[in-house]
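Structure record follows, encoded as structure tokens.
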Amino acid sequence: MLSPDVCPAPHPQAAGRMIDNEAVLVLADSGQVMVLNETGGRIWELADGTRTVTDIARMIVEEYEVSEEQALADVQEFVYQLVEKQALIVFPKEGQ
Amino acid sequence: MDEVRISVAGVCVALRINDAEVAERTRARYREFLAPDTTPDFVIDVAVHGREEVSPLMPRILEVTTSFHDDILTFESSFGEGKADFDAGYGMLSAAHLPMVRLLIENYLRILYAWYMVRIGGVLLHSAGVVKDKRAYLFFGPSGSGKSTITRLSMEHVVLSDDILIVRPVNGSFQVFGVPFRGELVYAPRANTRAPLVGIFRLRKAKEHRVELLSPARALAELVSCAPFVITDAAMAQRVMKICVELVRQVPVKELHFRKDSGFWRVIDAQS
């Protein structure tokens, strides 16, 4: 399981763009293109390298009707999947 | 040195070829797109080495790799290599074997135009294009989705291409431009013309004709997937997406389910 204390950020080979609350990602190395739904797109937007997984989950709780526990589990899983696809990278928060 | 100038989608390339026979064949090949009096945006020196080392009848796969760094496009294949400096407007193409020169020049030009279009706000798309009543319709999808079939069924109209087209904005609205590059229908016309883009259709083979509107994100993803060469670079992919977002905003993208008869035009016309 991905640590909730890491900060996700776009992978250098990934390009993303929001359109009508959804995100379209292009993975340059493979040429793969994918669409993220509204919550997935929101997590992608928030994964800018300044927030931890926990921070992102807290913002998701504020914006969507979901429990803190559920949000954290979902964000962890989603970020893990995007890391596996090389759409995101993760690194420890500065100072930790 | 023999010079052949062609202009595609308003971008002129002067090919300076060191072989008169190759130059003549190139001139014939791109005759609808010749632009001898146009100031070139690019000057490309084409050097042909060797003549008969490879039989033109020998089946070969022309594998091409490209990269783009610091505004310099690099092109490599088993039959030659080339570069193009976008800032200088200068490039070179070195062809190792005469029989493969035609393919090599064609691929080099496809790649050059693909990358350069993004730089100037356009995009080269794997798509078929038809002009009907002075309005352009673009049909796209991966290989096998039906681009050539749609083209065959639209020969009574102006066919721009069955394979590749350029879309770029002119005075704020997107226009579709014909290109000389060939697809599956080798003898299909490739009109050197342009028309305002009014319809974009993702193709799906089906048993009946119908259209469905795609969500903007889905439309964007489908379009970007059909931009060859350029989305293998993250920064360029970002630019392609920016262009395609504008495109999707201006011209709604629909999914065209069609069977093999020209009745799909009635469905399209009913949407207009």
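The values are calculated or read from the model by the stated rules, or taken from the named source; none is laboratory data. In this text, all values refer to a predicted model and were calculated from it rather than measured experimentally. Because the Cβ atoms are built from the backbone with ideal geometry, glycine has one as well, and the counts that use them run over all protein chains shown. Ligands, DNA and RNA are stripped out before the accessible areas are found, and what is left, the full protein with its side chains, is counted by its heavy atoms. Shrake-Rupley method; radii C 1.70, N 1.55, O 1.52, S 1.80 Å.
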Cβ contacts < 7 Å: first residue on the phi < 0 side of the Ramachandran plot, restricted to segment A:63-87; second residue open to solvent by 90 Å² or more (accessible area, probe 1.4 Å) and at pLDDT below 95, any location; separation 6+ or different chain. Result? A:Gln76/A:Met1
Answer residue from segment B:94-131, given it is part of a helix (DSSP H, G or I) and open to solvent by 20 Å² or more (accessible area, probe 1.4 Å) and is farthest from B:Gln238 (Cα to Cα) among those: B:Pro99
Residue in segment A:37-50 that is surrounded by 16 or more Cβ atoms within 10 Å (Cβ to Cβ), at the interface with chain B (Cβ under 9 Å from one of its Cβ atoms) and within 18 Å of A:Gln86 (Cα to Cα) present: yes
Among the residues of segment B:1-38, which ones are charged (D, E, K, R) and in a loop (DSSP other than H, G, I, E, B)? B:Asp19, B:Asp37
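For segment A:1-31, give me each residue that is in a strand (DSSP E or B), more than 21 Å from B:Ala217 (Cα to Cα) and small (Gly, Ala, Ser).
Result: A:Ala9, single match.
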Residue list for segment B:202-219, restricted to those being polar (S, T, N, Q) and touching a helix residue (DSSP H, G or I) at 6+ places or on another chain (Cβ under 9 Å): none
Of all the residues that make up segment B:251-269, how many are open to solvent by 10 Å² or more (accessible area, probe 1.4 Å), in contact with a strand residue (DSSP E or B) (Cβ under 7 Å, 6 or more places away or on another chain) and part of a loop (DSSP other than H, G, I, E, B)? 1
Segment B:132-148, residues that are over 16 Å from B:Cys226 (Cα atoms) and surrounded by fewer than 22 Cβ atoms within 10 Å (Cβ to Cβ): B:Lys132, B:Asp133, B:Lys134, B:Arg135
Just to be sure I understand, how many residues within segment A:34-62 are in a loop (DSSP other than H, G, I, E, B), in contact (Cβ under 8 Å) with a residue 40 or more places away in the chain and under 11 Å from the mean Cα position of the chain (by Cα)? 4
Residues that are touching a Gly at 6+ places or on another chain (Cβ under 8 Å) and aromatic (Phe, Trp, Tyr), at least 2 per element: which strands (runs of 3 or more DSSP E) completely within segment B:132-212 meet that? B:135-140
Applying the selection to segment A:17-29, what residues are open to solvent by 20 Å² or more (accessible area, probe 1.4 Å) and touching a residue at least 12 places away in the same chain (Cβ under 8 Å)? A:Met18, A:Asn21, A:Glu22, A:Asp29
Of the criteria (1) farther than 12 Å from A:Leu2 by Cβ; (2) modelled with pLDDT of 95 or more, which one A:Gln76 fails: (1)
Where residues in segment B:204-226 are within 14 Å of chain A (Cβ to nearest Cβ) and of a type in the set (D, E, K, R), which of them is least open to solvent (accessible area, probe 1.4 Å)? B:Glu222
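Mind checking whether some residue in segment B:242-250 is outside any helix (DSSP H, G or I), charged (D, E, K, R), surrounded by fewer than 18 Cβ atoms within 10 Å (Cβ to Cβ) and not assigned by TED's automatic domain parsing to the domain that holds B:Leu109?
Looking for residues that are outside any helix (DSSP H, G or I), charged (D, E, K, R), surrounded by fewer than 18 Cβ atoms within 10 Å (Cβ to Cβ) and not assigned by TED's automatic domain parsing to the domain that holds B:Leu109, one finds none in segment B:242-250, hence no.
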